[in-house]
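Data first, discussion second: the structure below is written as structure tokens.
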Amino acid sequence: MTGGTVRRSGSTARDEPGRFEFAPVAGVLVREWALFRRNWGPTTFAAVVEPIVYLLAFGFGLGSLVGAIGGYDYIEFVGTGIVGMSVLFSSMFPGLIDTYVRRVFRHGYEGMLAAPVDVRELVTAEATWIALKAGTYACAPLIVAMGFGLQPRPAMLLVPLVTLVSAFGFALLGIWLSAVVPSMKTMDYIISGLITPLFLVAGTFFPLDALPSWAQSLAAVNPLYHCVELVRSAAFGLRPAADLGHLAALLAFAAAAWCLAVFQMRRRLID
Amino acid sequence: MPRSDTSPAISLRGVVKRYGPLTAVDGLDLEVPAGIVLGLLGPNGAGKSTTMRMLTAQSRADAGEISVLGYRIPRESKRARAAMGVVPQHDNLDEELTVGENLAVFAHLYRVPRAERPAAVRRALDIAHLADRRDTRTDRLSGGMRRRLLIARGLVHRPRLVLLDEPTVGLDPQIRQELWGLISSLREQGVTVLMSTHYIEEAERLSDEVAVMAKGRVVTRGRPADLVADYAGASVEEFPIRAAGAAATVEAVRSAGFASRRTGATLSVLRAENLPASLRDRLGEGRRRAATLEDVFVTLTGERVE
Ligand SMILES: Nc1ncnc2c1ncn2[C@@H]1O[C@H](COP(=O)(O)OP(=O)(O)OP(=O)(O)O)[C@@H](O)[C@H]1O
Ligand SMILES: [Mg+2]
């Protein structure tokens, strides 16, 4: 039960007890789907409309003052940046808050763990579900930006992939922190102290070269920065070497967040 | 694979569970043969729920050996969990989902094959008497309905072993009767049941054997009738006592070698059929009644709440 690696072998592999299985992941996803079928309206509205409001407000409000940034129209710059913002918000908040509420107030995970479901499968399933939603929603601002003159390109089809991987990582980061915080109230530290800087110091609304060099090096360890860079590459032209670097950073982030989330959730759920 | 049909369904040996300075389970030995109903009795905090949580590996023992259906716990616990149904003491139904969805999700989690899922959900709805509430959200159910749903959820995959942690709390007498019937029919189908309860009558009625737990250990176990005969004799006599002389009376009974317990305004003396005439004179007019498992329970686990 203590092995920590995901092995993506089929279900026909040798039947060893501690194996990571996809059946429990599917089972948890069934639960999420049942819930989503009923709640998709408000969830989708919030996740899609909010970034669009930001896009329009900044795109037009600031865009009329700024004009161009880093060689792009401001609406193009911010349209791609807001994809990142949307990924962050619609994955990290559910990871942090929903997971906390389900674990602490509803005790739902306890019931699941009495069934043949292990903590790492549970965590993987919750993060996958959040990532599927967030990764999809985050593409909406890009589509809206196209309406305002962003040129569609075939490479943009890679954006959902980028948002999915990033959202998976941020969902796991949220799940990990939900199991670290001692109470709901202390989440404010994370929201103001972590999520806000993550969201602003990532080249979302303004380019990083305007920032002091220490802030620029900080941005390099911000997964959202790598996400935004990849979205811009897909939108404005791929730069293979740099892009592979960004992708590697995102994958490393997701892997690290997975380990932390599984470890900490196990500590909270298994005594 | 489970080792064989004759191996015990549950075996705990020298199991210890500590929470910081508190030892919740303290060298517990318990074996539950396959196919029986074992009633687990014990005062609040005796360690019953902790023991059940260790059987599903949701709580990890600090020492000792546990096996369930032949699988070693926690190493092979996932397989054990697949074959066992759990009804926890504290309700953890999914309040955001409907009755039917709760059952369907657990049919998935317990890996009921796709083709059998609708039938499994219908069967569970019947067990819970909630067929007409299938689409009701769980947070709109009454307390007893929730309890019934919780029980049915643990049976959705026809488990070979069922852990019931105080399953009848909050049920009305009719439904409780019915649950008794359900447990008896599980037993007839060869399902092993481990059930904790505070209703001693219930344990007496349903259990092939009961185990009495106190302070994290099993103090005694056996068939209810045998335990009553062993610890309380054939009959119990209740003698009226006054508050003033109570301590002296209890002491007199104790020094004569008899176990007794306070029962409101009376003192119940166990094995009263053997009371010597001298002591009987001192105690006054008694009322004879049959010995019960409750007499055994209170005598063994102590009268005071700790
Ligand atoms: N997670 C925990 N952390 C700390 N102490 C715990 C925890 N779970 C149980 N305990 C303690 O372990 C002891 C045994 O608790 P347990 O719930 O097993 O008792 P029980 O026999 O089920 O009692 P009841 O009849 O009241 O349900 C209690 O003293 C309880 O406070
Ligand atoms: Mg209990």
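The values are calculated or read from the model by the stated rules, or taken from the named source; none is laboratory data. As the structure is a prediction and not an experimental result, all values here were calculated from the model. As a convention, Cβ positions derive from the backbone with ideal geometry for all residues, glycine included, and neighbour counts pool all protein chains shown.
For region B:15-39, which positions are within 12 Å of ligand 1 (Cβ to nearest atom) and on the phi > 0 side of the Ramachandran plot?
Of everything in region B:15-39, just one residue is within 12 Å of ligand 1 (Cβ to nearest atom) and on the phi > 0 side of the Ramachandran plot, namely B:Gly20.
Hey, can you tell me all the residues within region B:40-53 that are more than 6 Å from ligand 1 (Cβ to nearest atom) and facing another protein chain (nearest Cβ under 10 Å)?
Selection gives B:Met52, B:Arg53.
Please list, ordered by residue number, the helices (runs of 4 or more DSSP H) wholly in region A:176-271 having 2 or more residues that are within 14 Å of another protein chain (Cβ to nearest Cβ) and over 19 Å from the mean Cα position of the chain (by Cα).
A:240-269
Does B:Leu182 satisfy the condition of being buried (at least 23 other Cβ atoms within 10 Å of the Cβ) and within 30 Å of B:Val121 (Cα to Cα)?
Here the answer is no, as B:Leu182 does not meet what is asked.
Taking the condition hydroxyl-bearing (Ser, Thr, Tyr), farther than 23 Å from A:Ala34 by Cβ and surrounded by fewer than 22 Cβ atoms within 10 Å (Cβ to Cβ), does B:Thr23 pass?
In short, yes.
Look through A:Phe168, A:Phe199, A:Phe148 and report the one residue that is in contact with a helix residue (DSSP H, G or I) (Cβ under 8 Å, 6 or more places away or on another chain), in contact (Cβ under 8 Å) with a residue 40 or more places away in the chain and over 16 Å from A:His226 (Cα atoms).
Residue meeting the stated conditions: A:Phe148.
Give the residues of region B:223-262 that are surrounded by fewer than 17 Cβ atoms within 10 Å (Cβ to Cβ) and closer than 23 Å to B:Gly45 by Cα, sorted by residue number.
B:Arg262
Might you check whether a residue that is within 13 Å of ligand 1 (Cβ to nearest atom), under 17 Å from A:Gly18 (Cα atoms) and modelled with pLDDT of 95 or more occurs anywhere in region B:60-77?
Yes, some residue in region B:60-77 is within 13 Å of ligand 1 (Cβ to nearest atom), under 17 Å from A:Gly18 (Cα atoms) and modelled with pLDDT of 95 or more.
Quick one: which helices (runs of 4 or more DSSP H) sit completely within region B:36-125 and have at least 2 residues that are away from ligand 2 (no atom under 16 Å from the Cβ)?
B:77-82, B:99-109
Yes or no: region B:141-158 includes at least one residue that is of a type in the set (D, E, K, R), out of contact with any strand residue (DSSP E or B) (no Cβ under 6 Å at 6 or more places or on another chain) and more than 18 Å from B:Ala107 (Cβ to Cβ).
So far as region B:141-158 goes, yes, one or more of its residues are of a type in the set (D, E, K, R), out of contact with any strand residue (DSSP E or B) (no Cβ under 6 Å at 6 or more places or on another chain) and more than 18 Å from B:Ala107 (Cβ to Cβ).
Just checking, does region B:3-18 include any residue being in a loop (DSSP other than H, G, I, E, B), modelled with pLDDT under 95 and more than 29 Å from B:Ala120 (Cα to Cα)?
no
Determine whether region B:68-88 contains at least one residue that is closer than 28 Å to B:Thr299 by Cβ and surrounded by fewer than 24 Cβ atoms within 10 Å (Cβ to Cβ).
Checking region B:68-88: not a single residue is closer than 28 Å to B:Thr299 by Cβ and surrounded by fewer than 24 Cβ atoms within 10 Å (Cβ to Cβ).
Take the residues of region A:98-119 that are within 14 Å of chain B (Cβ to nearest Cβ) and under 18 Å from the mean Cα position of the chain (by Cα): which is surrounded by the most Cβ atoms within 10 Å (Cβ to Cβ)?
A:Thr99
Of B:Asp165, B:Asp139, which residue is modelled with pLDDT under 95 and within 13 Å of another protein chain (Cβ to nearest Cβ)?
B:Asp139
Quick check: is even one residue across region B:132-146 within 16 Å of ligand 1 (Cβ to nearest atom) and under 25 Å from A:Pro116 (Cα atoms)?
For region B:132-146, residues within 16 Å of ligand 1 (Cβ to nearest atom) and under 25 Å from A:Pro116 (Cα atoms): absent.
Inspect all residues belonging to region B:186-194 and state whether any of them is within 14 Å of chain A (Cβ to nearest Cβ), under 11 Å from the mean Cα position of the chain (by Cα) and within 16 Å of ligand 1 (Cβ to nearest atom).
yes
Quick one: which of A:Ala155, A:Ala131, A:Ala138 is at negative phi and surrounded by fewer than 20 Cβ atoms within 10 Å (Cβ to Cβ)?
Selected residue: A:Ala155, the only one of A:Ala155, A:Ala131, A:Ala138 that is at negative phi and surrounded by fewer than 20 Cβ atoms within 10 Å (Cβ to Cβ).
With a cut-off of at least 1 residues that are assigned by TED's automatic domain parsing to the domain that holds B:Arg205, name the helices (runs of 4 or more DSSP H) lying wholly within region B:221-289.
Correct list: B:224-232.
How about region A:48-88: which of its residues are out of contact with any Gly (no Cβ under 6 Å at 6 or more places or on another chain) and among the β-branched types (Val, Ile, Thr)?
Answer for region A:48-88, where residues must be out of contact with any Gly (no Cβ under 6 Å at 6 or more places or on another chain) and among the β-branched types (Val, Ile, Thr): A:Val48, A:Val49, A:Ile52, A:Val53, A:Val66, A:Ile69, A:Thr80, A:Ile82, A:Val83, A:Val87.
Out of B:Ala104, B:Ala124, B:Ala119, B:Ala82, which single residue is assigned by TED's automatic domain parsing to the domain that holds B:Leu163, at pLDDT 95 or above and under 27 Å from B:Arg60 (Cα atoms)?
Answer to the selection: B:Ala82.
Report the residue count in region B:153-175 for those that are within 13 Å of ligand 2 (Cβ to nearest atom) and in a loop (DSSP other than H, G, I, E, B).
3
Does B:Pro74 satisfy being facing another protein chain (nearest Cβ under 9 Å) and touching a residue at least 60 places away in the same chain (Cβ under 8 Å)?
So B:Pro74 fails the test.
So the check is Cβ under 7 Å with 6+ separation or different chains; which pairs have a first residue in region B:181-207 that's farther than 17 Å from B:Gly170 by Cβ and a second one that's β-branched (Val, Ile, Thr) and part of a helix (DSSP H, G or I)?
B:Val193/B:Ile183; B:Leu206/B:Ile183
Where residues in region B:38-54 are under 14 Å from the mean Cα position of the chain (by Cα) and under 24 Å from A:Pro116 (Cβ atoms), which of them is surrounded by the most Cβ atoms within 10 Å (Cβ to Cβ)?
B:Thr51
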